[in-house]
Every structure is written in structure tokens, then in C-alpha cells.
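Below is one structure, written out as C-alpha cells; the observations come after it.
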Amino acid sequence: MALESVPCTIKAPVPLQVGDVKTEQASPGVYVIDVTFPKSQTVDLQEITFKNYYTAFLTVRIQQRRPSEARGNTAVWCTCIKNLCLMPNPHMEEGSQDYVSLHKSQMLCNTDNVSTIRLILRQPSPVWLNFTVEDLQINPPGKQSPQKEFSRLLSQLPPKEQLQNLHKRLPEPGKVSSEVQQMWALTEVMKANQSTASIGRFDVDGCYEINLLSYT
């Protein structure tokens, strides 16, 4: 049985905008979302999953507690995901509401002893009034999201080399098409030259010719 997602507190998005946020009419191009864990505990981060909502680029930073000889445990900030493109074109719909799974193997640094996760969302396009991430989940080691299972099934497909070898063994499409056309033309010629005379019985002047009969 898969483990449950790590309990956490997802704080409200904080806009980063030049000027007075209350008086500026333009929507902010950057939001920051902090994720903290109860009782100041730390987690070994395995995976982050969420549903995108019109966020074009994502950066993920984590705060880790590391032992220090001078001060005991110290908090260190690291960037584990940098400028991940979630929408190929910020002005178009593609990717705007996709489900995203960020696995530990995709991250730029070690993700153990994490105390805080900071998501930095960017949307440079003025087309969309709001952008954020939804259904955010922090998964510990041992929990596998449906997206990872789908990725595992994709990894079981034949490798590129096998597909290339299979393609080499197939006949050329042009050659197959030419042979089919020749067969069709031959069939038309046979149909045009087919005799319309009916085939009679094996008899001569009303009597059967013994040499024309065959036995089975």
C-alpha cells in the first residue's frame, strides 16, 4: 500500500511586483508559494506533484537543515528545479492545465532533510488574469504517483535501436506501392480479356466422352 502524501501547510501565493500592488492595474508576473511542515519537522523529498494553472515557468527552492560544527544545525537554501518550462508558449493554452510530476532524480541537488519548499511561479504573458498551481502534493520515499507509473510503462517500450532495426526490415513503401499498382493493372487486363462463353458439360453430341471424365 502506497504511503500518504506528507502533511504540510501551503501558504497563500505572495505576488512579487514592482510598485504598489494595490494601485497597479497590471497583474504580477511572479508569485511565491511557501510550503512548510508541522512541528518544524524535515522530510526526505521524493516527489512534487501538482496541476498547473497557467504558470509558464517554475523554479523550486528548498531549505535544508545541515549539521554544522560551529552552530549545530544550519538552514541552507538550494535550487533544485530552475526555470522549468510548463507552457511552451506563455500566450497559448498548451500545457496550461497539465498534471506535473517532479521526481527526485530530476532535481539539481540532494533533497534530504527539507524543512521548507518554495515555489516561484512566473507568467510573462498579460493574457491570463491569474496563474498558480493546484492539487499540490509532497510525496515521501515509497509513494508513487500515477504519473510515475505512466512513465514506467513508457520506459518499457522498445528502445530506439530496436525500432530502427525493425524499420530496416520492412519493405520500402515506394516498392510496395509500385507492385500493388502492377497487380491491379494485370487484374484489369485479365478482366478485359475474359471470355463470355459459358462452359458446357463434358459431352460430345449428347454423349459423354470417357477421356474427358475424371475420377476423384
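Could you please find all residues in the stretch 84-130 being charged (D, E, K, R), assigned to a loop (DSSP other than H, G, I, E, B) and under 21 Å from G29 (Cβ atoms)? Hits for the stretch 84-130 are E93, E94, D98.
Residues that are in a loop (DSSP other than H, G, I, E, B) and within 19 Å of S5 (Cα to Cα) within the stretch 42-67 comprise T42, D44, L45, Q46, listed in sequence order.
Within the stretch 92-107, the set of residues being at negative phi, of a type outside the set (D, E, K, R) and surrounded by 12 or more Cβ atoms within 10 Å (Cβ to Cβ) comprises S96, Q97, Y99, V100, S101, L102, H103, Q106, M107. Looking for something at pLDDT below 90 and either hydroxyl-bearing (S, T, Y) or surrounded by fewer than 17 Cβ atoms within 10 Å (Cβ to Cβ) (or both) - is there at least one such residue anywhere in the stretch 44-62? Among the residues of the stretch 44-62, at least one is at pLDDT below 90 and either hydroxyl-bearing (S, T, Y) or surrounded by fewer than 17 Cβ atoms within 10 Å (Cβ to Cβ) (or both), which makes the answer yes.
Taken together, T55, T111 contain a single residue that is hydroxyl-bearing (S, T, Y) and in contact with a Cys (Cβ under 7 Å, 6 or more places away or on another chain), which is T111.
K39 falls short on exactly one of the conditions (1) over 12 Å from S115 (Cα atoms); (2) modelled with pLDDT under 85, and that condition is (1).
Going by the structure shown, is N83 closer than 27 Å to V6 by Cα, modelled with pLDDT under 90 and open to solvent by 20 Å² or more (accessible area, probe 1.4 Å)?
Working: closer than 27 Å to V6 by Cα: yes; modelled with pLDDT under 90: no; open to solvent by 20 Å² or more (accessible area, probe 1.4 Å): yes.
So N83 does not fit the description; no.
The values are calculated or read from the model by the stated rules, or taken from the named source; none is laboratory data. All figures in this text were calculated on a predicted structure; none of them were measured in a lab. Virtual Cβ from ideal backbone geometry, glycine too; neighbours counted across all protein chains shown. SASA here: full protein model, heavy atoms, side chains in, ligands and nucleic acids out. Shrake-Rupley method; radii C 1.70, N 1.55, O 1.52, S 1.80 Å.
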